[in-house]
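The values are calculated or read from the model by the stated rules, or taken from the named source; none is laboratory data. Model, not experiment: these values are computed from the prediction. Every residue, glycine as well, gets a Cβ built from its backbone with ideal geometry; the counts of neighbours run over all protein chains shown. Surface accessibility is based on the protein's heavy atoms, side chains included, excluding ligands, DNA and RNA. Shrake-Rupley method; radii C 1.70, N 1.55, O 1.52, S 1.80 Å.
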Amino acid sequence: MLTCLLEDIQSGIYQEGQKLPSERELMEEFGVGRPAVREALSALGRMGLVELSPGMRARVCKLTLRPLLEEMRATLQIYSSSPDGWRQLHDLRLFFETSVARQLAHSITDEQLGQLEEVLESQRHFLEHSEIRSFAEADIAFHRLLVEFLGNPFLGLLAEGFAGWLITPLYASMQVRRQSERSCTAHQAVFEALTRRDPDGAEQAMRLHLEEMRAIYQVDTMVETQWDNALFAHAPKHGADLAFPAIKSSRGAAAATAVTPEKISG
């Protein structure tokens, strides 16, 4: 039944804004019970293909990638909770964003460069006024714009997944002013290479930036053996559970760098 409804939506039998048959009509058409009908409709709803409202017939929605994004974010957060997961996701991000920078250098417009410059100005403003959360969001906005300019929604989906995964560790790391300044400098280097329409320069600037952030997040040093050794080497005699509470209770190696002040410190 689900396969048939998917084919009908894909082929245009049911178009955007059109209502599907009622539950009773679907039961008769496919010779199934109400639970099977509701299960199929629920699956279509999770895919973002239909809108479901109590007491109303399902309505075909405009197709978006939002449902995939929500599932992707949840998966990335779970996957990145281990040191190996962190390393592998950073490897993926490095491959992805250096390719984006290189490709964009061939096609970026003056208008798009102006948008990037506005984001850079916002970052400098937030840094000057020690607005950590806004600075981190502007940092991610810079990377998101690069992908958006390529005009491929599937690349945008991946970028949004990275954004949701990175905001918490980025916020923690940016509380050290020196690291925030490095991020601004790195973004400026990417921007200047794009302004020159220099693919090699843009790729290299992005690579240096992400590798530096990788070191800040301590992805490579927080391997499982070091994690365990650190816990037990610094633990009180009555047990290791009290040692490094940020690592024990938080997801991801970057939690070890988290601090509590609400202002960027030197």
Would you mind finding the one in Glu148, Glu160 that is of a type in the set (D, E, K, R), closer than 26 Å to Arg66 by Cβ and modelled with pLDDT under 85?
Glu160
Among residues of the stretch 131-158, those that are of a type in the set (Gly, Ala, Ser), closer than 14 Å to Val100 by Cβ and either without any contact (Cβ under 8 Å) to a residue 40 or more places away in the chain or open to solvent by 40 Å² or more (accessible area, probe 1.4 Å) (or both), counted
1
Give the residues of the stretch 63-87 that are modelled with pLDDT of 80 or more and either basic (Lys, Arg) or open to solvent by 90 Å² or more (accessible area, probe 1.4 Å) (or both), sorted by residue number.
Arg87
Which members of the stretch 99-153 meet the condition of being within 17 Å of Met206 (Cβ to Cβ) and outside any helix (DSSP H, G or I)?
Ile108, Phe149, Leu150
Of all the helices (runs of 4 or more DSSP H) wholly in the stretch 1-55, which have at least 2 residues that are modelled with pLDDT under 85, within 19 Å of Pro67 (Cα to Cα) and open to solvent by less than 40 Å² (accessible area, probe 1.4 Å)?
none
Per the filter on the stretch 113-130, residues touching a residue at least 60 places away in the same chain (Cβ under 8 Å) and either open to solvent by 30 Å² or more (accessible area, probe 1.4 Å) or basic (Lys, Arg) (or both) are Glu117, Arg124
